[in-house]
Each structure stands twice: as structure tokens, then as C-alpha cells.
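Worksheet: the structure to be examined is printed underneath.
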Amino acid sequence: MAVIAGSRPGPPPLTGALEGALAGAARVVQRNLLVYRRTWRGSLFGSFLTPLLYLTAMGIGLSQLMASGGTTALGGVEYLDFLGPGILASSCMQTASFESTFPIMGKIAWRRNYEAILATPIEVHHLLIGELSWIGFRLTTMATAFMIVLTLFGIPRSPLALLAIPAAVLTGVAFAAPIMGFAATRHNDAGFAPLFRFIINPLFLFSGTFFPVSQLPDAVEWVAAATPLYHGVVLVRGAVLDNMPSTWPLHLAYLVVFTAITGYIAYRLLRRRLVK
């Protein structure tokens with residue numbers, strides 16, 4: 001049967017909207033890649049240097065001091081093995097947090113990149129998806145480099161340790177979404193120092209990276225367990241040490257739901273800031 005020109009049905013509205021969102025987000029990622037090709041060497045060096053410094057100074061040095069104390073509290077693993085996966089998850093959190101503050105503020109207010117981008121068919125939700133995808137790409141390169149260093153130290157137990165990379169990336173993106181929303185409410189960078197000082201740094205110290213949260217007082221333990229980093233550390237550590245807890249679906253669901261909710265809030269805040 002012949003098809004009359006112009007009579008072919010178009011894609012369903014939902015499919016068309018999804019394709020449009022992905023195409024717009026891809027343009028945002030492409031723009032960031034063009035900028036990143038001038039700076040990737042420096043960031044790649046830092047991706048290897050950070051785990052080397054942490055594992056050498058704290059993993060090897062501190063583990064020697066703790067050797068006589070036994071490993072029961074650490075789940076029967078050496079401190080170096082306990083620390084490495086935790087540092088991987090927390091490094092993704094820190095990198096995502098930084099990428100969601102000053103660079104986003106620069107594109108909103110200082111260089112006004114978003115103002116220029118929104119003069120094209122790109123829309124606000126394309127910006128959000130594109131920026132989160134870009135941060136996910138940066139975290140993937142960093143987590144891969146980190147995994148290579150962990151392997152050099154003999155920490156991964158099986159090939160399933162590669163699952164720690166997407167788990168660490170999801171942990172970082174879970175922080176990127178709400179912090180992008182926070183950046184959209186700022187008119188200068190004055191709020192970023194308290195953010196790192198009172199939220200990111202305490203989470204880095206008390207969410208299970210350096211010691212089990214069960215060692216904390218009960219009230220503090222509940223607070224630590226309510227943060228995305230705690231759930232990311234559990235998933236990453238379980239994958240690297242081939243000792244995934246039976247509750248891993250709950251930890252994964254927490255990160256996915258947290259990212260979806262805070263991502264929607266970030267969209268609303270970005271739209272309110274950028275669309276007049």
C-alpha cells in the first residue's frame with residue numbers, strides 16, 4: 001500500500017519529548033567537551049594523584065598503627081581495604097560538589113553561558129540533564145582512574161569490583177543535583193564556603209569512609225545513615241570487596257529516588273532563575 005507524503009504518523013508525544021531532551025542534553029555535553037579538551041591533562045593527573053596520596057598516607061601508614069587492634073570492627077578486612085572504596089565514593093561526592101558550584105555559578109551569572117544557550121532551541125531541562133550527564137562523565141573518568149590505583153594496591157576481590165564505578169558515579173550525581181539547585185538561588189559565591197565547611201566536609205568524615213558508622217553514637221549514626229554518601233560507600237565497598245550486603249537494593253533505590261527528587265527541585269530553581 002502506498003504511503004501518501006506527509007501522512008506518515010509522527011512519533012508519540014512522549015517519545016518525541018524524550019528524544020528532544022536527550023538531543024538537547026547532548027548539545028550541552030558537547031559544549032562542555034569542547035572546553036574540557038583544553039584542561040583534561042591536569043584533571044587526569046589529579047585523578048591518579050588523589051587516591052595515591054590517600055592510600056599511601058592513610059591506608060598504609062595508619063593501617064600499620066591499627067594492625068594490633070584487630071579487624072573485627074572493619075568486617076574482617078585490613079584497614080587499607082576498608083579505606084580504599086570509601087575514599088572512591090567520597091572523592092566522587094567532593095568532585096561532583098565542586099563541579100556543581102563555581103562552574104555552574106559561572107555559567108549562570110559570571111559568563112552568562114546559559115543566557116546564550118537558552119537563546120537557542122535548548123531549554124532548561126536540557127541544561128539540567130546535560131550538566132548532570134557531563135558531571136557523570138567526569139566522575140566516570142575519575143572513578144576509572146581510582147579503580148586502577150585500587151587494583152595496583154591489590155584491593156579489589158573480583159571483576160565485579162567494576163560495578164563500584166557506576167555506584168560511585170551515582171553517589172556523586174546524587175550530590176550534584178541538589179547543589180546545582182542551590183547554585184541557582186545564589187547571586188554570588190558567598191554560600192559555597194559554608195556548604196563545603198558545614199555539609200560536605202562533615203559528610204566526608206562521618207559517613208563511613210574512614211570507620212564504620214556503627215562506632216558513632218546512635219543519634220549521630222542515624223544522621224549519617226540518612227545521607228547519600230553513606231549509601232554510596234556501602235555499595236562501592238561491597239562491590240570492591242565482593243561482599244555486597246543483602247540490603248543493596250535499598251541503598252541503590254535511595255540514591256535513585258534522592259537524585260530524581262532533588263533533580264526536579266533543581267529544575268524548578270534553574271527555571272525560576274533563568275526564564276524571565
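The values are calculated or read from the model by the stated rules, or taken from the named source; none is laboratory data. Owing to the predicted nature of the structure, the values given are computational and were not obtained by experimental measurement. Don't worry about glycine lacking a Cβ; one is built from the backbone with ideal geometry, like all the others, and counts go over all protein chains shown. SASA here: full protein model, heavy atoms, side chains in, ligands and nucleic acids out. Shrake-Rupley method; radii C 1.70, N 1.55, O 1.52, S 1.80 Å.
Using a cut-off of 15 Å between beta-carbons, work out the net charge of the residues near GLY24 (Lys and Arg +1, Asp and Glu -1, GLY24 not included).
Values: positive: ARG27, ARG31, ARG271; negative: GLU19, GLU123, GLU131.
Computed value for this residue: 0.
Take every Cα pair under 8 Å in region 133-276 that's 6+ residues apart, average their separations, divide by the length, and report that relative contact order as a whole percent.
Values: 142 pairs, mean separation 52.9, N = 144.
The normalised contact order for region 133-276 reaches 37 percent.
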Quick one: net charge of ALA225's neighbours, Cβ under 15 Å, K/R +1, D/E -1?
-1
Kindly express, to the nearest 10 degrees and within the range 0 to 90, the angle between helix 40-54's C-alpha long axis and the longest C-alpha principal axis of the chain.
20 degrees
Given a 1.4 Å probe and every protein chain left where it sits, what share in percent of the accessible area of the chain is carbon and sulfur?
68 percent
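Considering only the other residues whose Cβ falls under 13 Å of the Cβ of SER43, what net charge follows from Lys and Arg at +1 and Asp and Glu at -1? It would help to have the intermediate numbers written out before the result.
Numbers: positive: ARG37, ARG38, ARG41, ARG138; negative: GLU99.
Residues near SER43 contribute +3 overall.
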Could you work out the relative contact order of the chain? I mean the mean sequence separation of Cα pairs under 8 Å and 6+ apart, divided by the number of residues, in percent.
26 percent
Dimensionless Rg/Rh of region 224-276, both radii on Cα and Rh by Kirkwood, sits at 1.20
Given 20 °C and 1.002 mPa s, how large is the Stokes-Einstein diffusion coefficient of region 119-242 in µm²/s, with Rh as the Kirkwood radius over Cα pairs?
131 µm²/s
Please give the length that would be gained between LEU22 and THR151 if that part of the chain were fully extended, namely 0.36 nm times their separation in residues minus their C-alpha to C-alpha distance (nm, one decimal).
43.0 nm
Counting residues in the chain as N, plug N into 2.2 N^0.38 Å and put the Cα Rg over that result.
1.13
